[in-house]
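Novice: Got a structure for you, questions after.
The values are calculated or read from the model by the stated rules, or taken from the named source; none is laboratory data. All of these numbers come straight from a predicted model, not from anything done at the bench. Positions of Cβ are backbone-derived with ideal geometry, glycine not excepted, and every protein chain shown enters the neighbour counts.
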Amino acid sequence: MFLRSRGWLWVATVCQALINALHAQTAASPPAPVPSRTAIQPASEPDEWKVEGPTLEQQTPANQEPGPGPETGVAPESPFEQEPGWTGGLANPGNGPEFEIPPDQLPVDPRSFGLKYTIGPIDIRPMMSFSTTYSDNILASTTSRKEDFIYTIGPGAIFALGDYIQKQYTYLTLQYVPVLNLYNHYSTLNSLDQHLRIDGQWGMERLKLSTYFGYDKSFGGNRDIGGLVNSEYYTMGAEAKYLLNEQISFEALGDQTFSDYGSSGIGSREFVNHEYLNYAFTPKLTGGIGAAFGILQPYVGGTQTYEQGLFRLQFTSTEKINFTGNFGFEFRQFPSGVGTRFTPVFTVTANYLIFPGSTLTLSGGRNVTYSAAVTGSNYTATNVTAGITQHVIGNLSVGFNVGFENDSYFFVSGAQTGAVNREDNYITLSPNLTYRWNDWANISVSYLYRDNQSNAPARSFYNNQVAVQVHIGF
């Protein structure tokens, strides 16, 4: 509790400094002229203003779970992008030296004219999502399959000021989204999820200092533990990036996470620190070398420490392809004389524009994760997810996503007899159809098939879901 209080105080101090910097920046420079709407690029051609290509999550229907990691369930995934560094150490590919662009030369983002209300320097962007999901196995059970309709309502809002769209200079955002999950038949499973996110950045010509704080409380599926689980996450971190010249930049990142799973006493604390040296070979190609140092403290079992050596490569083309990859190795030390374990680790994301209207996405990763279910064990998760999106006509598009993950458990300390040999193979298939009214409103229909094959008792299951979702907001 002391650490959490210190985290809140630290974030509040940084946020106050960011607000002061924003007021000083506003007073020092006249407001930039508002570009005419004729200069705005259409949403179907975002490459003129986006620094990074679309992520795989943006290509995935809202009811589909992310590929990496053990978290699954029938409830919609968290509305926030997970910060890197707390699920095994691999982190933040970075964006190279793009933040040296002067504010008056930044391209226009069409989202800046989306749904919003302005009070002084603060933009308020409301959001709302509705979904209806049919699931034929809401408990992800091997033998006791129960079907039901799940209705979700997720109102929320983003409060923002500064350069929060381009994120090149100083900005501050606060996002809060409560999600109400209602089961048609099994009403005892109804829940109210909470999602809070605070992001801030102080950006100058060569230096960027940023920080974040996140809180997520939800009731949903967890393949590692099994069934529906109450989970609570506190995440916080900070980053400093300095541009030495047009080719060389330095980065330092720190991330901390507290994970709690209900009142069962299962959970962990983790802290990881990354340092990177980046070199821009060309305006489109950046490489880097780095190191990571982490400490993992499970509630059950002794403290683990790990070190990583990392190499990363980022290629960004506004026309065809975007690629980011982290590759390296990890040495992890365990208590009780288990010794040191060597594991290759990596994360990869890529987007390829096959031809106008058709986009192919690919992501994958390998990392070591603490098991909250198998006492005294970790597991190595290796996953890959691919998707394709095809524009059909007008604002209508169709997509298809497929994913696979292998989770291989191994002994750390005090493990249950016979449980450390557990191995899961998990696949997902999901076609979807999406209609976009404009840049801030869409409706989608999707189907999700999940299948987990495990050699552990009561951990194998399969599940079919059909969902209709409406999203309005930024």
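Novice: Taking PHE355 as the residue in question, decide whether it is among the hydrophobic types (A, V, I, L, M, F, W, C) and loosely packed, with under 15 Cβ neighbours inside 10 Å. So that I can check it myself, show each step before the final result.
Specialist: Values: among the hydrophobic types (A, V, I, L, M, F, W, C): yes; loosely packed, with under 15 Cβ neighbours inside 10 Å: yes.
Yes; evaluated as a whole, the condition is true for this residue.
Novice: Now a separate question. Considering only residues that are touching a residue at least 40 places away in the same chain (Cβ under 8 Å) and either touching a Ser or Thr at 6+ places or on another chain (Cβ under 9 Å) or acidic (Asp, Glu) (or both), which ones fall in the stretch 209-224?
Specialist: Passing the criteria: TYR212, PHE213, GLY214, ASP216, SER218, PHE219, GLY220, GLY221, ASN222, ARG223, ASP224.
Novice: What number goes with the only condition from (1) among the small types (Gly, Ala, Ser); (2) closer than 30 Å to PHE271 by Cα; (3) part of a strand (DSSP E or B) that ALA372 does not pass?
Specialist: Just one mismatch for ALA372, condition (3).
Novice: Give the number of residues within the stretch 250-263 that are of a type outside the set (D, E, K, R), farther than 19 Å from GLU330 by Cβ and in a strand (DSSP E or B). Before the answer, list the steps.
Specialist: Within the stretch 250-263, the subset of a type outside the set (D, E, K, R) is 250, 252-254, 256-259, 261-263.
If we keep only those that are farther than 19 Å from GLU330 by Cβ as well, we get 250, 252, 258-259, 261-263.
Now narrow it down to the ones that are in a strand (DSSP E or B): 250, 252, 258-259, 261.
Residues meeting the conditions: 5.
Novice: Could I ask something else about it? So which residues in the stretch 202-219 are farther than 26 Å from TYR169 by Cβ and either basic (Lys, Arg) or surrounded by fewer than 22 Cβ atoms within 10 Å (Cβ to Cβ) (or both)? Talk me through it step by step, then tell me what you get.
Specialist: Step one: list which residues in the stretch 202-219 are farther than 26 Å from TYR169 by Cβ, which gives 215-219.
TYR215, ASP216, LYS217, PHE219, listed by residue number.
Novice: Are any of the residues in the stretch 404-414 under 19 Å from the mean Cα position of the chain (by Cα), part of a strand (DSSP E or B) and within 30 Å of GLY287 (Cα to Cα)? Give the derivation first.
Specialist: Start the filter on the stretch 404-414 by keeping residues that are under 19 Å from the mean Cα position of the chain (by Cα), which leaves 404-405.
Subsequent filtering for residues that are part of a strand (DSSP E or B) retains 404-405.
Adding the requirement that they be within 30 Å of GLY287 (Cα to Cα) leaves 404-405.
Yes, some residue in the stretch 404-414 is under 19 Å from the mean Cα position of the chain (by Cα), part of a strand (DSSP E or B) and within 30 Å of GLY287 (Cα to Cα).
Novice: Collect the residues in the stretch 264-297 that are outside any strand (DSSP E or B) and either under 15 Å from PHE329 (Cα atoms) or touching a strand residue (DSSP E or B) at 6+ places or on another chain (Cβ under 8 Å) (or both), keeping them in residue-number order.
Specialist: Taking the stretch 264-297 and keeping what is outside any strand (DSSP E or B), we get 264-265, 281-284.
PHE281, LYS284, listed by residue number.
Novice: Let me ask something additional. Restricting the stretch 298-323 to residues that are part of a loop (DSSP other than H, G, I, E, B) and within 29 Å of GLN333 (Cβ to Cβ), which is modelled with the lowest pLDDT? Walk me through it before giving the result.
Specialist: Kept after step one, since they are part of a loop (DSSP other than H, G, I, E, B), are these residues of the stretch 298-323: 299-303, 317-320.
With within 29 Å of GLN333 (Cβ to Cβ) added as a condition, the list becomes 299-303.
Working: TYR299: 86, VAL300: 79, GLY301: 76, GLY302: 82, THR303: 89.
Only one residue fits best here, namely GLY301.
Novice: Within the stretch 449-474, take every residue that is under 18 Å from GLY154 (Cβ atoms) and part of a strand (DSSP E or B) and give me the one that is modelled with the lowest pLDDT. Please lay out each step first, then the result.
Specialist: Filtering the stretch 449-474 for residues under 18 Å from GLY154 (Cβ atoms) gives 465, 467-474.
Then drop every residue that is not part of a strand (DSSP E or B), which leaves 465, 467-472.
Working: GLN465: 97, ALA467: 98, VAL468: 98, GLN469: 97, VAL470: 96, HIS471: 94, ILE472: 91.
The selected residue is ILE472.
Novice: Next question. Whether any residue in the stretch 270-277 is touching a Lys or Arg at 6+ places or on another chain (Cβ under 6 Å) and of a type outside the set (Asp, Glu) is what I want to check.
Specialist: We begin by selecting, within the stretch 270-277, every residue touching a Lys or Arg at 6+ places or on another chain (Cβ under 6 Å); these are none.
Within the stretch 270-277, none of the residues are touching a Lys or Arg at 6+ places or on another chain (Cβ under 6 Å) and of a type outside the set (Asp, Glu).
Novice: So, of the residues in the stretch 289-307 that are β-branched (Val, Ile, Thr) and touching a Leu at 6+ places or on another chain (Cβ under 9 Å), which turns out to be farthest from SER259 (Cα to Cα)? Break it down into steps so the answer makes sense when it comes.
Specialist: Residues of the stretch 289-307 β-branched (Val, Ile, Thr): 289, 295, 300, 303, 305.
After this cut, where a residue has to be touching a Leu at 6+ places or on another chain (Cβ under 9 Å) as well, the list is 289, 303, 305.
Values: ILE289: 29, THR303: 15, THR305: 17 Å.
Ranking the qualifying residues of the stretch 289-307, first place goes to ILE289.
Novice: Among the residues of the stretch 273-288, how many are under 30 Å from TYR234 (Cβ atoms) and surrounded by fewer than 18 Cβ atoms within 10 Å (Cβ to Cβ)?
Specialist: So in the stretch 273-288, the residues under 30 Å from TYR234 (Cβ atoms) come out as 273-276, 278, 288.
Imposing the further condition that a residue be surrounded by fewer than 18 Cβ atoms within 10 Å (Cβ to Cβ) reduces the set to 275.
Residues that pass the stated criteria total 1.
Novice: In addition: Of ILE225, ILE248, which residue is at pLDDT below 90 and either among the hydrophobic types (A, V, I, L, M, F, W, C) or closer than 27 Å to ILE198 by Cα (or both)?
Specialist: ILE225
Novice: Filter the stretch 239-272 down to the residues that are more than 22 Å from the chain's Cα centre (by Cα) and crowded, with 17+ Cβ neighbours inside 10 Å, then identify the one that is nearest to TYR215 (Cα to Cα).
Specialist: Checking each candidate, the answer is ILE266.
Novice: Quick test for you: out of TYR176, TYR169, pick the one residue that is in contact (Cβ under 8 Å) with a residue 24 or more places away in the chain and closer than 24 Å to GLY214 by Cα.
Specialist: Working: TYR176 fails: in contact (Cβ under 8 Å) with a residue 24 or more places away in the chain.
Exactly one of TYR176, TYR169 is in contact (Cβ under 8 Å) with a residue 24 or more places away in the chain and closer than 24 Å to GLY214 by Cα, namely TYR169.
Novice: Quick check on VAL384: is it surrounded by 20 or more Cβ atoms within 10 Å (Cβ to Cβ), of a type in the set (Val, Ile, Thr), part of a strand (DSSP E or B) and under 24 Å from the mean Cα position of the chain (by Cα)? I'd like the intermediate steps shown before the answer.
Specialist: Working: surrounded by 20 or more Cβ atoms within 10 Å (Cβ to Cβ): no; of a type in the set (Val, Ile, Thr): yes; part of a strand (DSSP E or B): yes; under 24 Å from the mean Cα position of the chain (by Cα): yes.
In short, no.
Novice: Here's something else I'd like to know. Check off (1) at pLDDT below 95; (2) assigned to a strand (DSSP E or B); (3) more than 30 Å from PHE130 (Cα to Cα) for GLN168 and give me the number that stays unchecked.
Specialist: (2)
Novice: Kindly provide the set of residues from the stretch 310-339 that are more than 24 Å from the chain's Cα centre (by Cα), buried (at least 18 other Cβ atoms within 10 Å of the Cβ) and more than 20 Å from ASN378 (Cβ to Cβ), ordered by number.
Specialist: none
Novice: Could you count how many residues in the stretch 344-357 are modelled with pLDDT of 95 or more and over 23 Å from THR282 (Cα atoms)?
Specialist: Number of matching residues: 3.
To keep it simple, each residue is scored yes or no on (1) of a type in the set (Phe, Trp, Tyr); (2) part of a loop (DSSP other than H, G, I, E, B); (3) modelled with pLDDT of 90 or more.
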residue	(1), (2), (3)
LEU209	no, no, yes
ASP216	no, no, yes
GLY221	no, no, no
SER231	no, no, yes
TYR234	yes, no, yes
GLY237	no, no, yes
TYR242	yes, no, yes
